[in-house]
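Q: Here it is, the structure in full.
The values are calculated or read from the model by the stated rules, or taken from the named source; none is laboratory data. Every value quoted in this text rests on a predicted model; they were computed, and no experiment measured them. Because the Cβ atoms are built from the backbone with ideal geometry, glycine has one as well, and the counts that use them run over all protein chains shown. Each accessible area value is taken on the protein alone, full model and side chains, heavy atoms only, with ligands, DNA and RNA left out. Shrake-Rupley method; radii C 1.70, N 1.55, O 1.52, S 1.80 Å.
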Amino acid sequence: TRMAGWDDRDFYIEHKIIRGRELITYGYVRARLLKKKGGQVLPEEFMRKLGYDPISPPLPKTAQDWRNSEKW
C-alpha cells in the first residue's frame, strides 16, 4: 500500500498484492478527509501540515484514467 498522489480534493492510494514475484492484483482507493465540524481538509493543506511537499507526484496513468472517467 502506498500513497500514489492527490489532486485538489482527493487522495489516491494504491494497493498491490504480490505473491513471490507475481503481481496478483492491484487497485486504487480514492479518499477524502472531512473536518469534524463540516467541510473538507484539502490534500495540499494536509500534506503541508505533516511536513511533506504539498505538490503531488504525478498520478500513475491507471489512476489518472479512473479519475478522468468519473463524472461527479
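Q: Working carefully through the options 64, 40, find the one that is in contact with a Leu (Cβ under 8 Å, 6 or more places away or on another chain) and open to solvent by less than 100 Å² (accessible area, probe 1.4 Å). Talk me through it step by step, then tell me what you get.
A: Details: 64 fails: in contact with a Leu (Cβ under 8 Å, 6 or more places away or on another chain).
Only one candidate qualifies: 40.
Q: Can you name the residue in the stretch 18-67 that is over 16 Å from residue 6 (Cα atoms) and assigned to a strand (DSSP E or B) and is also modelled with the lowest pLDDT among such residues?
A: My answer is 26.
Q: Pull up the stretch 1-10, narrow it to residues that are farther than 15 Å from residue 65 by Cα and in a strand (DSSP E or B), then point me to the one that is most open to solvent (accessible area, probe 1.4 Å).
A: Checked the stretch 1-10; the qualifying residue most open to solvent (accessible area, probe 1.4 Å) is 2.
Q: List pairs: first residue in the stretch 10-22 and more than 25 Å from residue 35 (Cβ to Cβ), second residue open to solvent by 20 Å² or more (accessible area, probe 1.4 Å) anywhere in the structure, Cβ distance under 6 angstrom, at least six positions apart or on different chains.
A: 14/2; 14/28; 15/1; 15/27; 16/26; 17/24; 17/25
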